Amino acid sequence: MAQETELLEMPLESVAQANDNGGYNEDTIKVLEGLEAVRKRPAMYIGDISERGLHHLINEVVDNSIDEALAGYARNITISLHADGSCSVQDDGRGIPVGPHPVKKISTLEVVMCTLHAGGKFEKSAYKVSGGLHGVGVSCVNALSVNMHTEIRRDGKVYRQDYSRGVPQGNVREIGEAKSTGTFQRFYPDPEIFKTLEFKSDRVADRLRELAFLNPQIVIRLRDERDGRDDVYHYPGGLVDFVTYVDEGKIALMKPIMLASVFKGDDGSETPVDVCFQYNNSYNETVLSYVNNINTIEGGTHVSGFRSALTRTLNAYATKNNLVKGDKIQLTGEDFREGLTAAISVKVGEPQFEGQTKTKLGNGETESAVRSIVNDQLTAFLEQNPPIGKKIIDKAILAAEARIAARKSREMVRRKSALESSALPGKLADCSISTPEDCEIFIVEGDSAGGSAKQGRDRRFQAILPLRGKVLNVQKARLPKVLENEEIRCIFTALGVGFGEDFDITKLRYGKVILMADADVDGSHIRTLLLTFFFNYMHPLIEAGKIYIAQPPLYKLKKGKKEFYAYNDAERDEIIGRIKKESGANVEIISGEEVAAANGNTSGILISRFKGLGEMNPEQLWQTTMNTETRTILQVSIESAATASKLFETLMGDQVEPRREFIERNAQYVKNLDI
Ligand code: 0RA
């Protein structure tokens, strides 16, 4: 017992040593070394140690319960965010076995909780969620938690084991009687590991909702003790409900079309394929794709299989039924993507993940599986639903006509468009260094701010692209109109990445793309317009973490000759407090507007509010917003593609009411643009 309490206080290295000396076997030491590796390099196991990594802990635990549900043994999963900062996950599955492990001899529960990669070793399920992206297993969560405990209901008993930083605090013990079965896990993320310890319930909800859409048989409940939130996610309609949810706020042209089957390969393999899609009145394409419940944000073979089958089947249907009058128009894949919202979910035995973020499916056989099922089932659907077939073809014809008309007009106006030419836009003030990773480009609203930025920058590695006038709202514009827009063409050419099929992120001319706009409502609107553009047309740049938002200060404070900048109200008040303390006496505070009246002859603190970037001179802009030594910039990231897509539609789409409601509900969120 004495030793157990001691262990609690000791760092892992010494625990390993103590065990060594205390005569534990080699297995124990190996286990401790494994967990120590997780604690030494947590990012290698959970991606990072920021808010994202913190939330990854929850996903890791939930995924195990999802696996138990997919195996057919659990139906209800409850996630609780507790007031003490911990999180618990409960399921009604079989319960992790507690008896002796056949090889290791100690309790199987302890093996699962404390051994790296022990997760699915003793039972192979076909499409384990936890075998996917990070899939590091619950032992990593345990290693990164200052405390964790597990309660198992099984064989009429309740068993419990406690852990600290991955080390068991005693054996598995029986603590009561149970009528049901299940697994309960509660963990306290380690403040020594994580930069932030605060779980964000919206962030957790995004993933849980997604899991509920993908697994219609599961009921997921999210409770937040801190604010009383208590939501249940259960969607018996599965992907149909998902597509409906994503397109909320748009006008759907039809009911979602559901195609689902299991593809049987020649080698006896089985690939379940679920696809659901519909067309809406927008011009954008939204395709959400999943492999074994993992969001494949870079797409892959399942997505290309769907796209090629869609184009081929719809074209064949149009020809067969003589729906395209005359043969002037050739419908292309692009025409069938306008206004398309689709959700694709496949289960693959041994998924190969590729790409920048390892979220692109590479398995070739999955492409033919999806293509074959979509071909067969969509052909059958169209035969049975001719009015819907006609609607889709008519919409594609409109898209094709717009595409052809735009191309003609472009060709007439200038033989070579700026997009195709390699000449950089005239208003771009480029930097002199030519290694992209070391360079950054500021996309700046307005000519006057652009002027200040050009003078204030470090021209060796900072480029400035000033934008004139309002940025086009791409959420409401057809592709050709987007490509004709002068400002958007400038962004394309300045970044050098090419468009559509030619898009190539390796051609990006800068390591960072920084959006710089005023800190007011108009600036926020422009940022949103730009982000909408990047989201729809340069998605990989967001995924690769290349897009940033500059953070200009809101206030300048002056006391005598000393100047300070504050980036929010709290910081302003903190600076005022500090000056008061330092100068002893009470200090009168006068606002910037009163400075002129006071004529500078005052002992007070002068506070001026920056209304816009243009109000700062080049030196101030450099000091506060552009200097890499002192500035803060926000990196734009997308956690949930579905939520982001809905967000942009709400902010930039046709319907006014949902936008007003959203902005009122999320005033803070919109201001920060933390999508
Ligand atoms: C393997 C075997 C058995 C249960 C589980 C894993 C299991 C793991 C987790 C993780 C979270 N919840 C879970 N529920 C179950 C049981 C095998 C048997 O009873 O025969």
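Rule-based calculations on the coordinates, nothing more; no lab input. As the structure is a prediction and not an experimental result, all values here were calculated from the model. Please note: Cβ atoms are built from the backbone with ideal geometry, for glycine as well, and neighbour counts cover all protein chains shown.
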### Query
Can you list, largest first and rounded to whole Å, the semi-axes you get for segment 492-574 by taking the square root of 5 times each eigenvalue of its Cα gyration tensor?
35, 14, 10
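Can you tell me the length gained on complete extension of the stretch residue 580 to residue 437, counting 0.36 nm per residue apart and subtracting the Cα distance?
Values: separation 143, 0.36 × 143 = 51.48 nm, distance 4.37 nm.
Roughly 47.1 nm would be gained on extension.
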### Query
How large is log10 I(q)/I(0) at q = 0.13 Å⁻¹ when the Debye formula is applied to the Cα atoms of segment 299-397, each weighted equally and without solvent?
-0.51
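Give, rounded to the nearest 20 debye, the magnitude of the charge dipole that the chain has about its Cα centre when Lys and Arg contribute +1 at Cβ and Asp and Glu contribute -1 at Cβ.
Here the size comes out at about 1880 debye.
On a full-extension model of 0.36 nm per residue, what is the gain between residue 334 and residue 198, subtracting their alpha-carbon distance, rounded to one decimal in nm? Kindly include the intermediate steps, with their values, before the conclusion.
Values: separation 136, 0.36 × 136 = 48.96 nm, distance 4.30 nm.
Working it through step by step, the gained length comes to 44.7 nm.
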## Note on the structure
Across the alpha-carbon set of segment 157-281, Rg over Rh with Rh taken as the Kirkwood radius works out to 1.10
### Message
Please report the antiparallel percentage of DSSP beta bridges with both residues in segment 315-470, rounded to the nearest 5.
### Response
35 percent
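With 10 angstrom as the radius, rank 591, 345 by how many other C-beta atoms surround their C-beta, starting from the fewest. Don't skip to the answer; put the middle values down first.
Values: 591 11, 345 24.
Fewest-to-most ranking of 591, 345: 591, 345.
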### Query
Which whole-Hz ³J(HN,Hα) couplings does segment 306-312 yield from phi under the Karplus relation 6.51 cos²θ - 1.76 cosθ + 1.60, θ = phi - 60°, glycine and proline marked x?
5, 4, 5, 5, 4, 4, 5
### Query
For the chain, what does the equivalent ellipsoid look like in terms of its semi-axes, each the square root of 5 times an eigenvalue of the Cα gyration tensor, given largest first in whole Å?
45, 41, 22
## Note on the structure
Placing +1 on each Lys and Arg Cβ and -1 on each Asp and Glu Cβ in the chain, then taking the dipole about the Cα centre, the residue among 624, 189, 319 whose Cα reaches farthest towards the positive end is 319
### Message
Taking θ = phi - 60°, what integer Hz values does the Karplus form 6.51 cos²θ - 1.76 cosθ + 1.60 yield along segment 214-226, in sequence order, with x for Gly and Pro?
### Response
6, 10, x, 7, 9, 10, 10, 10, 10, 10, 10, 5, 6
### Message
At 0.36 nm per residue, and after removing the present C-alpha to C-alpha distance, how many nm does the segment from residue 405 to residue 591 gain when stretched out fully?
### Response
61.3 nm
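Strictly over 23 Å apart at the Cα level, which of 30/105; 250/512; 264/391; 320/408; 470/558; 556/581 would you flag in this model?
Values: 30/105 15 Å; 250/512 33 Å; 264/391 32 Å; 320/408 29 Å; 470/558 34 Å; 556/581 19 Å.
Going by Cα-Cα distance, 250/512; 264/391; 320/408; 470/558 fall outside the 23 Å limit.
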### Among 344, 62, 279 the positive-end extreme of the charge dipole of the chain (Cβ point charges)
279
### Query
What nm value, rounded to one decimal, do you get for the distance between residue 260 and residue 468 when each label is placed 7 Å out toward the C-beta?
5.5 nm
